[in-house]
1. How far apart, in nm, are the 7 Å Cα→Cβ label points at THR161 and ALA11?
2. If R0 is 22 Å, what FRET efficiency do you get for GLU52 and ILE116 from their C-beta distance, rounded to 0.05?
3. Kirkwood hydrodynamic radius, computed over distinct alpha-carbon pairs, for the range 221-272: how many Å, to one decimal?
4. If I ignore ligands, DNA and RNA and count only protein heavy atoms, how much of VAL112 is accessible to a 1.4 Å probe, in Å² to the nearest 10?
5. How would TYR97, TYR171 line up by accessible area, probe 1.4 Å, largest first?
6. Subtracting the Cα-Cα distance from 0.36 nm times the residue separation, let me have the gained length for LYS125 to VAL285 in nm, one decimal.
7. If I ignore ligands, DNA and RNA and count only protein heavy atoms, how much of LEU98 is accessible to a 1.4 Å probe, in Å² to the nearest 10?
8. Could you list the residues of the range 145-188 with an amide nitrogen less than 17 Å from a label point located 7 Å from the Cα of VAL313 in the Cα-to-C-beta direction?
Amino acid sequence: MPWLEFGLALAIGALVGIERERKKHAGESGSGLRTFVLIAEAGAIAAWLSKETGTPWIFVGAGALVASVVVAGYWIETRAHPEAIGKTTEIAALVVYLLGGAAVQGPPEVAVALAIATSAVLAFKAPLHALVAKIGEEDLRAALKLLVVTFIVLPVLPNRTVDPYGALNPYKLGWLVVLISGLSFAGYVASRWLGPKRGLVVTGLAGGLVSSTAVTLGFARTSRERTGARLALPLAGGILLAWLVMVVRIGVLVAVAAPGLLARLGLPLAVVGAATAGTAAWFVVRGARVRGVEADVPLQNPFSLAASIRFAVLFAAVLFAVAFARAHLPGAGMYALAGFAGFADVDAITLSMADHARSGGDATVAAGAIIVAAAANTFAKCLLVGWFGSPELRSRIWIAGAVVLASAAAAFALA
């Protein structure tokens with residue numbers, strides 16, 4: 001007897017049922033904890049009987065019976081309370097039946113993961129509705145365009161190199177552009193969902209996923225509009241948190257694109273991350289008493305087709321330049337290229353160096369080049385603060401930047 005699978009099915013029903021029970025106590029109509037546990041149990045028993053007898057129609061027939069009971073209950077409820085029309089609980093009941101069967105029939109960890117996702121969707125009703133309200137038509141169109149590129153255009157791209165240096169693979173290039181856009185979109189959604197009213201710490205962290213440069217520029221301009229030494233503290237903390245996210249983002253990109261390189265790059269990134277986190281914490285703690293400060297960060301939807309094309313062109317150019325430097329200017333030439341490219345964008349050179357290491361290039365050079373690119377990008381953002389920021393913010397960011405750049409020098413020696 002699959003007792004563990006049955007136990008998981010009951011737990012799945014309880015997990016979703018608890019959330020529905022809470023909504024029921026809050027005044028919403030629908031089934032509660034016991035009903036969902038029984039539905040999950042029915043799905044598990046039907047799946048087990050189908051598996052034991054080799055008759056899949058047992059699971060199908062039981063599912064039809066559960067669906068008819070759910071539909072009948074919905075019909076009775078809507079006739080008694082026409083104002084309470086809603087199908088969420090009924091659909092959730094059918095999902096729980098299928099998940100109960102999946103706990104017995106399929107990989108149980110998949111059923112558990114989907115149950116958690118189902119409970120999250122049900123529990124976060126208000127935040128999800130608020131997020132949808134903040135998504136504009138332009139954002140939706142941009143996302144749909146990139147989805148077309150991802151699932152229609154990308155699969156038909158040639159999966160072979162098309163240049164004399166063997167660097168430009170259209171399929172690989174497209175896949176990595178989608179990776180960058182997806183990671184940035186997570187931060188973009190978080191920024192739109194949370195909004196600037198959640199404070200500079202949250203804005204810095206969420207905005208850093210999209211563009212730490214945009215966060216730096218937005219906070220620097222805010223410091224000019226609202227000068228003051230006390231205000232410069234939380235603004236500096238938010239900027240440094242965005243820089244910290246950039247370091248974490250580099251680690252994630254390397255882990256996805258070239259996992260073997262992460263073993264070489266892990267300690268250097270940890271050194272830079274620790275220095276950035278330490279300086280960020282210093283300013284955040286000291287500026288914690290400053291309340292009600294907001295900063296507008298001009299974040300562009302990373303699922304914009306135009307933004308994706310621009311990044312693809314930049315990435316292709318960096319890939320080609322890396323291949324050229326690898327052939328004609330090894331060593332110092334790679335570091336110079338990384339510094340030049342990182343001054344504008346750290347993602348393209350990070351992925352290029354990950355590809356260089358994965359294709360048999362020197363991992364030490366690749367790791368060092370990524371650190372150089374991160375240092376160049378940090379220096380560029382210090383210059384942005386110097387140009388657009390207030391004197392109070394400028395002095396603090398330049399001191400913090402010197403600490404981060406010194407840690408980058410130490411990290412380069414470790415790479």
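The values are calculated or read from the model by the stated rules, or taken from the named source; none is laboratory data. Quick caveat, the model's predicted, so the values are computed rather than measured. Quick reminder, even Gly has a Cβ in these numbers, built from the backbone with ideal geometry, and neighbours come from all protein chains shown. Just so you know, the surface numbers come from the protein's heavy atoms only, side chains and all, with ligands and any DNA or RNA stripped out. Shrake-Rupley method; radii C 1.70, N 1.55, O 1.52, S 1.80 Å.
1. Between THR161 and ALA11, the simple spin-label model gives 4.9 nm.
2. Values: r = 28 Å, r/R0 = 1.28.
Computed FRET efficiency for GLU52 and ILE116: 0.20.
3. 12.9 Å
4. Accessible area, nearest 10 Å²: 50 Å².
5. Details: TYR97 10, TYR171 80 Å².
Ranked from most to least accessible, the order is TYR171, TYR97.
6. Details: separation 160, 0.36 × 160 = 57.60 nm, distance 3.35 nm.
Between LYS125 and VAL285, full extension yields an extra 54.3 nm.
7. Here the accessible area works out near 100 Å².
8. What the label zone holds, given the 17 Å backbone N cut-off, is 174, 177.
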